[in-house]
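Take a look at the structure set out below.
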Amino acid sequence: MISFEIPESIVNQSQMTKMVAEQAMRPYSRELDEHEHQRPEAFVNMTWPFTQQMMKSALKGVEKRLHGNGNGSNGHAAPKGPDFSILGFIMMVEQMSWGDAGQYLCLPHPMLGGSAVQAAGTPEQQLRFLKKFTEGDPKWGAMAITEPGAGSDNSSMRTTAILDPDTNEWILNGEKIFITNGKLALEESDGLCVVWATIDPEAGRAGIKSFVVEGNTPGVSIAKQEHKLGIRASDTVALHFDNVRLPFDNMLGTLDASKQPAANRGFKGAMKTFDASRPAVAASAMGIARAALEFTRDKLAEEGIVLDYTKPRHELTAVERDLMEMEARHKGAWLLTLRAVGMMAHGESNRLAASMCKFRAGEAVTWITQKAVELLGPMGYSREWLAEKWMRDAKINDIYEGTKQINQLIIARSILGYSRRELK
Ligand SMILES: Cc1cc2nc3c(=O)[nH]c(=O)nc-3n(C[C@H](O)[C@H](O)[C@H](O)COP(=O)(O)OP(=O)(O)OC[C@H]3O[C@@H](n4cnc5c(N)ncnc54)[C@H](O)[C@@H]3O)c2cc1C
């Protein structure tokens with residue numbers, strides 16, 4: 001049974017994040033939207049010390065497991081009791097996205113790259129690669145799966161990593177597109193990008209592994225920077241890998257299957273990354289939705305429209321019904337998100353719950369922000385207010401980390417008991 005009570009320490013941390021959102025994000029929201037790709041300096045400077053602290057305590061947990069305080073073999077044992085740090089992160093994502101979803105994506109943090117290292121890497125690799133986020137200048141993480149011919153069906157990817165037997169290095173060649181924070185991670189900092197590639201193009205899914213490419217590695221170039229509808233503060237780029245040489249140990253996990261839990265191996269590692277990242281996307285969607293909901297509620301209150309929850313539905317005006325529907329969709333998706341996160345915190349498999357919350361949150365935020373623009377009238381459409389920006393920022397939540405349709409497919413397969421081949 002998952003409890004929806006949020007521990008006090010996390011509520012306090014979330015209140016601190018709210019201050020960051022109010023003071024370092026919202027005031028710059030419009031300017032950073034207008035001047036796409038400009039780095040949100042105030043936000044980066046305010047959050048980097050916090051990220052370093054967070055990463056230090058996360059790595060202490062990994063160290064404990066590695067040095068025998070866990071209860072299993074190969075250092076992969078789960079810590080005892082629920083891990084509420086995941087819930088803390090999700091609450092932070094929600095608050096920051098309430099501040100500004102585009103800026104939140106510029107958080108100097110391993111982000112998706114970190115989720116991939118944690119999902120597919122050995123504890124030694126987690127320590128090695130994530131330690132850089134505890135020291136020095138701000139750094140960013142990214143993850144690259146999508147290719148021109150491999151999006152929703154990313155098992156057909158063509159990027160290759162071939163082992164050079166003379167030097168024992170991997171040689172990476174290929175192209176990845178629409179990579180969030182690719183530039184920040186690889187060109188503007190000594191960050192990292194986890195790149196998924198095949199070591200055997202004939203082997204299909206079985207040949208797919210993940211590789212850590214560190215910042216400023218020779219052979220990596222930014223082929224294109226996207227101009228986008230929303231989340232315009234965030235950088236999204238196409239990456240080219242031209243004979244990029246990587247140390248053997250930059251392949252996450254191990255080639256010896258017996259030394260790695262089945263759930264973390266190869267392509268399964270990518271799917272496990274999504275189990276962690278989909279609730280984070282849902283939380284970001286919920287932050288945008290709450291921003292639009294609160295703003296609309298306040299503006300309607302200024303006009304004397306305040307919800308009376310004791311009134312029967314048939315006595316509500318159309319506007320009141322819309323506002324209530326906005327609240328209901330927001331609350332429903334947020335509870336699904338907390339459920340998926342709670343399952344993770346308790347070490348339970350959350351694949352179905354993660355897809356459910358991602359699907360529902362993407363749909364809810366798209367609907368809620370459109371409704372906000374509608375209810376606010378012409379000012380909702382004006383750039384004077386942020387409502388139109390929230391509507392543009394919302395849509396990405398239906399697209400990345402598995403589109404709405406793909407998450408629906410995953411949900412249907414899981415509930416109906418169909419395999420990937422039986423339900424495409
Ligand atoms: C701003 C932005 C940031 C991104 N960041 C990253 C990132 O950091 N890393 C990364 O790897 N990728 C990233 N992506 C890529 C994103 O994950 C893909 O765009 C997404 O997975 C969809 O893949 P696709 O674009 O190839 O679309 P396609 O797979 O070609 O899909 C096109 C449409 O067809 C639908 N469709 C496809 N297959 C089915 C099916 N079987 N049944 C029903 N409908 C289907 C899809 O839902 C979609 O509506 C980003 C994209 C954007 C726009």
For Lys176, which lysines qualify as cross-link partners when the Cα separation must be under 16 Å and same-chain residues fewer than eight apart are set aside? Lys209, Lys224
Estimated translational D of the chain in µm²/s (Stokes, Kirkwood radius over Cα pairs; 10 °C; 1.306 mPa s): 71
Residue-ordered couplings for the range 120-137, obtained by feeding phi - 60° into the Karplus form 6.51 cos²θ - 1.76 cosθ + 1.60 and rounding to whole Hz (Gly and Pro as x), are 10, x, 6, x, 4, 5, 4, 5, 4, 7, 8, 4, 5, 8, 10, 8, x, 7
So how much slack lies between Phe248 and Lys60, counting 0.36 nm per residue of separation and subtracting their Cα-Cα distance, in nm? 65.1 nm
Over the Cα atoms of the range 126-261, each weighted equally, I'd like the Debye log10 I(q)/I(0) at q = 0.15, 0.21 Å⁻¹, rounded to two decimals. -0.73, -1.33
Separation between Cα centres of the range 320-371 and the range 170-187, rounded to whole Å: 31
The range 190-310 pair-distance distribution - Cα-Cα, 5 Å bins, rounded %: 2, 8, 11, 14, 15, 13, 10, 7, 5, 4, 5, 4, 2, 0
Let me check against my output: what whole-number percent is the relative contact order of the chain, with C-alpha pairs under 8 Å and at least 6 apart? 16
So what's Rg/Rh here for the range 15-148, counting alpha carbon atoms and using the Kirkwood radius for Rh? 1.02
Starting at the first residue of the range 395-406, write each ³J(HN,Hα) from the Karplus equation 6.51 cos²θ - 1.76 cosθ + 1.60 with θ = phi - 60°, in whole Hz, x for Gly and Pro. 4, 4, 5, 8, 10, 7, 6, x, 5, 3, 5, 5
Take Phe248, Phe178, Phe359 and order them by how many other Cβ atoms sit within 10 Å, fewest up front. Phe248, Phe178, Phe359
Taking only DSSP H segments of four or more residues, each worth -39500 (n - 2.57), what value at 222 nm results for the chain once the sum is divided by all its residues, to the nearest 500 deg cm²/dmol? -15500 deg cm²/dmol
Report ³J(HN,Hα) in whole Hz for each residue of the range 148-154, in order, from the Karplus equation J = 6.51 cos²θ - 1.76 cosθ + 1.60 where θ = phi - 60°; Gly and Pro get x. x, x, 8, x, 4, 9, 7
Report, ordered by chain and residue number, the lysines lying within cross-link reach of Lys60, taken as a straight Cα distance under 19 Å and ignoring same-chain residues fewer than 8 apart. Lys80, Lys131, Lys132
Distant-in-sequence amide H partners of Thr122 (H built 1.01 Å from N, under 5 Å): Gly253
Among the listed pairs Lys18/Lys299; Lys331/Lys371; Lys371/Lys395, give every one whose C-alpha distance is greater than 19 Å. Lys18/Lys299
Protection proxy ranking of 298-304, 267-273 - average other beta-carbon atoms within 10 Å, highest first: 267-273, 298-304
Stretchable slack from Leu423 to Arg321, in nm (0.36 nm times residue separation minus alpha-carbon distance): 33.0 nm
Going by average Cβ neighbours within 10 Å, how do the peptides 279-290, 343-354 rank, with the highest at the top? 279-290, 343-354
I need the Debye-formula profile for the range 268-416: one equal scatterer per C-alpha, no solvent, reported as log10 I(q)/I(0) at q = 0.08 1/Å, two decimals. -0.25
Amide H to amide H, which residues 5 or more places from Leu163 or on other chains are under 5 Å from it, using H placed in the peptide plane? Ile171
Would you mind getting me the FRET efficiency between Thr167 and Gln225? Use the beta-carbon distance for r and R0 = 45 Å, nearest 0.05. 0.85
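Since every read-out is calculated from the coordinates, none of them should be taken as a lab result. As the structure is a computational prediction, the values presented were derived from the model and not from experiment. All Cβ positions, even for glycine, are placed from backbone atoms using ideal geometry, and neighbour counts span all protein chains on display.
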